[in-house]
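Bear in mind these aren't lab numbers, they're just calculated from the coordinates by the rules spelled out. Please read these numbers as outputs of a predicted model, since none were measured by experiment.
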Amino acid sequence: MAYSERAIERRRCTGTTKAGDPCQAWAVWDDPRQLCVQHAGRGQRGPRSGVRKSERTHYQPCTGIAYAWPHRPGSGLCCWPDPPRYRSLIPPSTHSWPRVTPEMRQFQRMLSQRWGYWGNPRSRKMYGPRSWL
């Protein structure tokens, strides 16, 4: 994500390191003091055990005019906090259906391992009822 200078000012952590240098991390989205995870006191303390839990980011969706739907601030045509240079004319809810979920991808992988390549008709191995064609 390529932030503008104003967006970098609003997203950088305002804390300082032990050496007195400004912190280079991004601030947490919902922190009013504009601090990163460590400076806001939300970071890991003590020894780490096992695999780290992955947590999704908690951003406020941007409702600017770059897109006709709520979107991530500063992504694509959105130049948050500045106004966008261009505007998308694609209406909302026009994505291709169905969207491939991780569960569907895993199911497709299982089918391809069991019955051969699945998805590309030019390179698909012919198994099952079509094998006589």
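What length, rounded to one decimal in nm, is gained on full extension from residue 29 through to residue 103, with 0.36 nm per residue of separation minus their alpha-carbon distance? The partial results should precede the final answer.
Numbers: separation 74, 0.36 × 74 = 26.64 nm, distance 2.94 nm.
Here the segment from residue 29 to residue 103 would lengthen by 23.7 nm.
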Review point. Taking amide H positions as placed 1.01 Å from N in the peptide plane, with prolines and chain starts having none, which residues 5 or more places from residue 12, or on another chain, fall under 5 Å of its amide H?
Key: 27
Review point. Quick one: length gained pulling residue 51 to residue 4 fully straight, 0.36 nm per residue minus the C-alpha distance?
Key: 13.5 nm
